[in-house]
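Below: one structure, written as structure tokens.
The values are calculated or read from the model by the stated rules, or taken from the named source; none is laboratory data. Values in this document were obtained by computation on a predicted structure and should not be read as measured data. Here the Cβ positions follow ideal geometry from the backbone for every residue, glycine too, while neighbour counts run over all protein chains shown.
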């Protein structure tokens, strides 16, 4: 064994058992819990996971704290959210790639988002690559929400997928969570809009070989565009052919447009407050 596992949780009693079951092959699982008020920590302890507790502030700070302060048993860490599952194929490839003397500092992988019982193959930004297997001393995170992993060293790729169930708590929970996320995204958007060097700085990253760099560049440029909610719906549903995912695709594209509208409204409010105007 050369791999530890890290799971971030907050009131995930509905998910944590299935997540831990998918990691039953790993004998060093750490659950970093943000003061859950349900039975998340008790369930994790029953599964034999080590439970650490830290109040959540923002995503990058929380994840940076984890990789800097948790003592993992092994040199490699596989990071999952509680609503994600490690498939058998992913387990086998992770154990094959995560060798102590491997040249890579991290590995990126894709995930399949499941909604209404089907994989959102089209109404999503698939394939989006996430750095989820890493040496903790070689990684740090940036951005308040939807953090970007910055890796000191070569990054390899894993072909197997993480299985992701973003609506496991229901649509109401998804909306409430993204309402909170939109607060942080609005702050990021306002910061970028007032950075005159931003477009020039990030435009070159659009052709980067690193998917994370490309994703960050696209997001930073997207924040400067008008009519973003309409653009986002059109991108997911028409350009990405989300209609091929049926009702799930239409629902997801609509929810993403609503999320973008919340970010736009809150960003406009921040701008008006900054200028001393009524909101």
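Candidates in the stretch 185-194 are the residues that are touching a residue at least 60 places away in the same chain (Cβ under 8 Å) and surrounded by 18 or more Cβ atoms within 10 Å (Cβ to Cβ); of these, the one that is nearest to residue 146 (Cα to Cα) is 185.
Okay, residues lined up against (1) outside the structural domain of residue 144 (by TED's automatic domain parsing); (2) surrounded by 18 or more Cβ atoms within 10 Å (Cβ to Cβ); (3) under 29 Å from residue 154 (Cβ atoms):
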{"position": "26", "(1), (2), (3)": "no, yes, yes"}
{"position": "33", "(1), (2), (3)": "no, yes, no"}
{"position": "42", "(1), (2), (3)": "no, no, no"}
{"position": "59", "(1), (2), (3)": "no, yes, yes"}
{"position": "67", "(1), (2), (3)": "no, yes, yes"}
{"position": "76", "(1), (2), (3)": "no, yes, yes"}
{"position": "94", "(1), (2), (3)": "no, yes, yes"}
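Checking each residue of the stretch 241-252 against the condition of being outside the structural domain of residue 126 (by TED's automatic domain parsing), in a loop (DSSP other than H, G, I, E, B) and either more than 22 Å from the chain's Cα centre (by Cα) or modelled with pLDDT of 95 or more (or both) gives at least one match. Residues in the stretch 145-159 that are buried (at least 19 other Cβ atoms within 10 Å of the Cβ) and over 15 Å from residue 214 (Cα atoms): 158 alone. Residues in the stretch 17-34 that are over 20 Å from the mean Cα position of the chain (by Cα) and part of a loop (DSSP other than H, G, I, E, B) were compared, and the one that is nearest to residue 71 (Cα to Cα) is 28. Within the stretch 251-269, the set of residues being surrounded by 15 or more Cβ atoms within 10 Å (Cβ to Cβ) and without any contact (Cβ under 8 Å) to a residue 24 or more places away in the chain comprises just one member, 254. Got at least one residue in the stretch 162-176 being under 17 Å from residue 61 (Cα atoms) and in contact with a strand residue (DSSP E or B) (Cβ under 7 Å, 6 or more places away or on another chain)? Checked against the condition, which is being under 17 Å from residue 61 (Cα atoms) and in contact with a strand residue (DSSP E or B) (Cβ under 7 Å, 6 or more places away or on another chain), the stretch 162-176 yields no hits at all.
A quick yes/no check of all residues on (1) more than 28 Å from residue 104 (Cβ to Cβ); (2) in contact (Cβ under 8 Å) with a residue 24 or more places away in the chain:
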| position | (1), (2) |
| --- | --- |
| 15 | yes, yes |
| 20 | no, yes |
| 26 | no, yes |
| 35 | yes, yes |
| 48 | yes, no |
| 73 | no, yes |
| 83 | no, yes |
